[in-house]
Amino acid sequence: MANTQKPAIFDFDYAGSDVEVLLERFKTSLSGLSDDEARERLEAQREDMEDYELVRMLEAKRPAATKAAIGKVIRAFDDYTKEARVVGAARRKVLEGIG
């Protein structure tokens with residue numbers, strides 16, 4: 001049976017802020033999750049946003065290197081890998097390209 005208690009992240013008062021808007025968007029995807037499950041999902045989304053920012057930085061600096069760095073992870077919009085070893089290697093290539 002799913003946990004119907006709302007995650008603790010919603011216990012804060014974010015009224016009127018951009019955070020409030022973001023949390024409203026997350027509520028649907030996080031409803032029914034435990035605090036640990038919600039925290040894990042938000043952490044994964046944070047990592048995804050960081051990866052996106054790093055790829056954009058590399059793209060601005062070295063456009064050709066961008067495709068080489070992420071080509072084995074993302075082959076098309078609906079064709080990508082979740083294999084940790086492949087994703088980790090691509091992340092290292094992106095960081096090396098920025099550095």
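Output the number of residues of segment 75-99 satisfying the condition of being within 15 Å of D48 (Cβ to Cβ) and in contact (Cβ under 8 Å) with a residue 24 or more places away in the chain.
2
Which pairs do you get when a residue that is surrounded by fewer than 16 Cβ atoms within 10 Å (Cβ to Cβ), found in segment 63-74, comes within reach of a residue that is in a loop (DSSP other than H, G, I, E, B) and modelled with pLDDT of 85 or more, reach meaning Cβ atoms under 8 angstrom, with the pair 6+ apart or on two chains?
If the second residue must be in a loop (DSSP other than H, G, I, E, B) and modelled with pLDDT of 85 or more, the pairs left are K72/T81.
Testing A8 on (1) out of contact with any Asp or Glu (no Cβ under 6 Å at 6 or more places or on another chain); (2) at pLDDT below 85; (3) aliphatic (A, V, I, L, M), one condition comes back false. Which one is that?
With respect to (1) out of contact with any Asp or Glu (no Cβ under 6 Å at 6 or more places or on another chain); (2) at pLDDT below 85; (3) aliphatic (A, V, I, L, M), A8 is out only on (1).
The values are calculated or read from the model by the stated rules, or taken from the named source; none is laboratory data. Predicted model, so just to flag it, every value in this text is computed and none were measured. All Cβ positions, glycine included, derive from the backbone under ideal geometry; neighbour counts span all protein chains shown.
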